[in-house]
Amino acid sequence: MALSVVGIYLLLGAVAGLLAGLLGVGGGLIIVPALAWIFTQQGYQPEIIMHMAVATSLATIVLTSLSSMRAHHKKGAVHWPVFVRLSPGIVLGALAGAGIVDYLPTRALQLFFALFVFAVAAQLMMNLRPPRTHRVTGRISPYFAGSGIGLISTIVGIGGGSLTVPWLLWNQFSVREAVATSSACGLPIALAGVTGFMIIGADTGIEYSRGYIYWPAFILISATSIFFAPAGAALAHKIDGQKLKRVFALFLGAVGILMLFR
């Protein structure tokens, strides 16, 4: 692997970690399109580029979510009972998502990712928050919510924060609890999704890959994202986060347009 590519992976991890800590938005929204571009430049088969980008992005979330979950747990912010109730659905949804990714062509994955990015950009731009009119009751609601969160998150290669946090806020959890519990939910999403991609994923024939996961990218991106996420979280207390979210929303809109017309 060329040193320039190594540097790009390390820089990508740093940027993704910084933004994740700064804005509370998963780095997957940055990592997936960046990996799709890098893999294209490296000459990998066009028909599996998005599959590899999504799967490798999800793999990086295993370590970052574990680190984030541990930090939030130390502060007593994770609501473990609702995490336990969401997890079975999350795991099943993530496994199903890996199967769907394996079935879909690259173009379909690009379109789905672009539409999801537009939705997140709109939410950030308008600072939309769901009304807190419900409370988690019974076992059925968390199971179906977890299934949907796991399914969509795996298809787009993210940790699910942009889905889990609104659902928890809608169910009257505080912002602190929602963000912390969402970070914990990223771990079962990533673990189940990565397991699915390793088992279901095609033999790409690319060196240092297993299924759709490209291990050099996973290692290098994770190495820097883990260290820069806390720095982003610290920086979030010193700057106007709302203005930055709007700038990031514009950036995501541009990413979505590029994915649509690639």
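Values quoted throughout were computed directly from the atomic coordinates according to the rules given, and no laboratory measurement underlies them. Bear in mind that the values here come from a model prediction, so they are computed numbers and not experimental data. Methodologically, a virtual Cβ is constructed for each residue, glycine included, from the backbone with ideal geometry; neighbour enumeration extends over all protein chains shown.
Details
- Cα-based helix-to-principal-axis angle, 106-126 vs the chain, degrees rounded to 10: 40 degrees
- What the Cα convex hull of segment 1-103 gives, in volume per residue, is 106 Å³.
- Mean separation of Cα contacts under 8 Å, 6 or more apart, over the residue count of segment 3-260: relative contact order %: 38 percent
- For 165, 84, order by how many other beta-carbon atoms lie within 10 Å, fewest first: 84, 165
- Panel note: the C-alpha atoms of segment 3-260, placed on their principal axes, show extents of 49, 40, 33 Å (largest first).
- Euclidean distance between Cα centres, segment 137-205 to segment 45-116, Å: 6 Å
- Size estimate for segment 52-106 follows the Kirkwood approach: the inverse of mean 1/r over distinct Cα pairs works out to 13.1 Å.
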